[in-house]
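Asker: One structure coming up, written as structure tokens, with questions to follow.
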């Protein structure tokens, strides 16, 4: 009878080794996975914020470059449109100042869509359409 109760004999002494149940393995695995995910979230957020910061810095750098180019182009346009430069260039190509101008009057209207900027077109008066307030028609049918 002793051999049945102790199949290994006296070789097994000390505390018995507990065998985990199936539920414990799944729960423990889920807890470890959750802890790993929670510990990786701040790292992921930090790397995303860092990469977006680099993108913002690159965009700001590009914006500064474009503003510089715009400034250079504006100064070039200002130099090309100065009156003294235009007069000097006109004299270089043989144009002379006008002493006796000739004025022409054209009685025919120009093309339908005006090809001038609106600041040079004659100002049209805004139509003053008198519209009744929304409540007047409602009051008119009351006795």
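No lab work stands behind these numbers, since they all come straight from the coordinates. Everything quoted here is computed from the prediction, not taken from an experiment. Cβ atoms come from the backbone with ideal geometry, glycine included; neighbour counts cover every protein chain shown.
Asker: When you scan segment 75-95, do you find a residue that is under 28 Å from the mean Cα position of the chain (by Cα) and surrounded by 10 or more Cβ atoms within 10 Å (Cβ to Cβ), even just one? So that I can check it myself, show each step before the final result.
Answerer: Kept after step one, since they are under 28 Å from the mean Cα position of the chain (by Cα), are these residues of segment 75-95: none.
Among the residues of segment 75-95, not one is under 28 Å from the mean Cα position of the chain (by Cα) and surrounded by 10 or more Cβ atoms within 10 Å (Cβ to Cβ), which makes the answer no.
Asker: Failed condition for residue 70, given (1) surrounded by 10 or more Cβ atoms within 10 Å (Cβ to Cβ); (2) in a helix (DSSP H, G or I); (3) in contact with a helix residue (DSSP H, G or I) (Cβ under 9 Å, 6 or more places away or on another chain), with all others met?
Answerer: Checking residue 70 against (1) surrounded by 10 or more Cβ atoms within 10 Å (Cβ to Cβ); (2) in a helix (DSSP H, G or I); (3) in contact with a helix residue (DSSP H, G or I) (Cβ under 9 Å, 6 or more places away or on another chain), the one that fails is (3).
Asker: What do you reckon, is residue 142 free of Cβ contacts under 8 Å to residues at least 40 places away in the same chain and exposed (fewer than 10 other Cβ atoms within 10 Å of the Cβ)? Let's see the steps before the verdict.
Answerer: Values: free of Cβ contacts under 8 Å to residues at least 40 places away in the same chain: yes; exposed (fewer than 10 other Cβ atoms within 10 Å of the Cβ): yes.
So residue 142 fits the description; yes.
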